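To start, the structure itself, in structure tokens.
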Amino acid sequence: MSSSDWQPSPRYPDPSVVVLDESFNKYRLPLAKVERLATGLTRWAEGPVWFGDQRCLIWSDVPGNCMWRWDEETGATSVFRRPSGYGNGNTRDRQGRLLTCEHGGRRVSRTEQDGRVISLVSTFENKKLNSPNDIVCKSDGSVWFTDPSFGILGWYEGHKAEAELPTNVYRWDPAGKVTVVAEGINQPNGLAFSPDEKLLYIVESRSTPRKILSFEVTNKNSLANKRDFIDAGPKGTPDGFRVDMDGILWCGWGMGEAGLDGVHVFNPAGKLIGRIDLPERCANLCFGGLERNRLFMAASTSLYSIYVNTQGMPYF
């Protein structure tokens, strides 16, 4: 079925929520179904971030050079920022300010409380970043982000340019110091901390097969003991993801067979326990809603959501 023909399931439980292991039943609500909140607005939906204080979701359309806003109370969708610097991944810092990975500006920007947009990080050792992609904020206020080259490969998701740096993963601390925390990853993409922040998961999006890597976070805020955590297989494409309070990974997925489009759900041991099937590839997702139990899924040309029986971690 094409995305234009898609309709929400008329029945409960929703058959698009697929149990692959009995443990997933804990997280599946039999009276909740996938809802499509907006469609036809984006070319490539990415980077959803929840604003609980405003009861709204912000997400990116990377090639559309636009960021969109969906209002939970009214259901209205409106332009949040255009142009957006080809914004991709978004999160909030510990003061609630919006952090955005901009392909066009080759930077991480921060939106101040008064609406000003400033550069948080745009260079490392006097060389331009490639095109920051995804981002998380640790409880100590430090900002961790991936920097693949997708936004400088052409003129669709940014501006074509030569890379000045390897595709690293960086940490910005509140004092303004920027360090490389992971290197040698072939196009790092989505990333997320475990609930106790002792592990950092990073998608290696151009390995064969594609993988989600796991690193231990040391007391000095460096990474150690890299290991292959999830092997996506020959047709799997993990992208952005978030972790819930039980350490379950909810991963945007797709680009292989049509039946793989949506969300794949893994337990903390890396076992696939469930799926949420969508008619479009899901690039990224986040938890939100009044109880942080609503999963918002940015999928190609649409925004979807479903209520689940868990809560996302309170970091954004």
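The values are calculated or read from the model by the stated rules, or taken from the named source; none is laboratory data. Remember, predicted model here, so these are calculated numbers, not experimental data. Reconstructed Cβ throughout: ideal geometry from the backbone, glycine too, with neighbour counts over all protein chains shown. Ligands, DNA and RNA are stripped out before the accessible areas are found, and what is left, the full protein with its side chains, is counted by its heavy atoms. Shrake-Rupley method; radii C 1.70, N 1.55, O 1.52, S 1.80 Å.
Observations on the model:
- The portion of the accessible surface of the chain made up by carbon and sulfur, rounded to a whole percent, is 48 (1.4 Å probe; DNA, RNA and ligands excluded).
- Sequence-ordered 3J(HN,Hα) estimates for region 64-81 from the Karplus curve with 6.51, -1.76 and 1.60 and θ = phi - 60° stand at x, 6, 8, 10, 10, 10, 10, 9, 5, 6, 9, x, 7, 10, 8, 6, 8, 8 Hz, glycine and proline given as x.
- Legend: residue pairs 177/198; 211/271; 198/220; 138/177; 26/271, Cα-Cα distance threshold 19 Å; pairs beyond threshold, 177/198.
- If R0 is taken as 51 Å, the Cβ-Cβ distance between residue 54 and residue 228 corresponds to a FRET efficiency of 0.85.
- The value for region 109-215 of Rg(Cα) / (2.2 N^0.38 Å) is 1.09.
- Backbone HN-Hα couplings from phi across region 151-167 [Karplus 6.51/-1.76/1.60, Hz, Gly and Pro as x]: x, 10, 7, x, 10, 8, 10, x, 10, 5, 7, 7, 5, 9, 9, x, 7
- Per residue, the accessible area of region 1-115 comes to 45 Å² when a 1.4 Å probe rolls over the protein heavy atoms.
- Within a Gaussian network of the chain (alpha carbon springs, distance under 10 Å), most fluctuating of 220, 26, 127: 220
- Distance in nm between pseudo-label sites at residue 11 and residue 82 (7 Å out along the Cβ direction from Cα): 4.1
- Spacing of the modelled spin labels on residue 307 and residue 123, each 7 Å from Cα toward Cβ, amounts to 5.1 nm.
- For the chain, the convex hull spanned by the alpha carbon atoms encloses 125 Å³ per residue.
- Using θ = phi - 60° and Karplus 6.51 cos²θ - 1.76 cosθ + 1.60, couplings along region 83-89 (whole Hz; Gly, Pro as x): x, 10, x, 6, x, 10, x
- Summarised as an ellipsoid, region 193-269 has semi-axes of 23, 14, 8 Å, derived from the eigenvalues of the Cα gyration tensor scaled by 5 and square-rooted, with the largest first.
- Scattering profile of region 19-125 at q = 0.10, 0.14, 0.15, 0.16 Å⁻¹ [log10 I(q)/I(0), Debye over alpha-carbon scatterers]: -0.36, -0.64, -0.71, -0.77
- Residue 4-residue 71 FRET efficiency (beta carbon distance; Förster radius 22 Å; 0.05 resolution): 0.35
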